[in-house]
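These notes are about the structure you will find just below.
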């Protein structure tokens, strides 16, 4: 496809790394969220019997069920997309050497400034700051090739 040649693969790779944590959270939390919704669906709301007529929505229970089913559908769709993302991203990430993973994690996955990342990596890898940037660029390029090909 011609458009594939014009994709900014390095920016797309950085964005994929930034999405990695979100996708991991979605995968880890979705089952608990679905269970909570299911529990709300099966536990009936208490009613007060006081012989007084009440004006209320006669379809409130149905509306609640429809709303819960809709929420579960959204959660399941999010989960499916997260699994699909991880099946695409994780094998590429796993091909990186440990140093490349450390560098990319420090730059894109750990909260903090780029200056802090460079300082931390410079001390950890025993290299100067410019060398850290070069290694980061090579690691992004390697991951980009593993994700998107040539």
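Read the figures in this text as sums done on the coordinates, not as results from a lab. Predicted, not measured: the structure shown is a model, and the values here were computed from it. Neighbour counts run over all protein chains shown; Cβ positions are idealised from the backbone, glycine included.
Hey, could you get me the Stokes-Einstein D for the stretch 98-150, Kirkwood radius over alpha-carbon pairs, 37 °C and 0.692 mPa s, rounded to whole µm² s⁻¹? D = 293 µm²/s. When you work out D = kT/(6 pi eta Rh) for the stretch 59-108 at 37 °C and 0.692 mPa s, using the Kirkwood radius from C-alpha pairs as Rh and the Stokes-Einstein form, the result is 238 µm²/s. Taking a label point 7 Å from the Cα of residue 125 along the Cα→Cβ vector, which residues of the stretch 85-109 have an amide N closer than 18 Å to it? Within reach of a label on residue 125, which here means backbone N under 18 Å from a point 7 Å along Cα→Cβ, the stretch 85-109 contributes 93-109. Placing dummy labels 7 Å off each Cα toward the beta-carbon, the span from residue 33 to residue 90 is 1.9 nm. When the alpha-carbon atoms of the stretch 62-150 are used, the pair Rg, Dmax equals 19.1, 64 angstrom.
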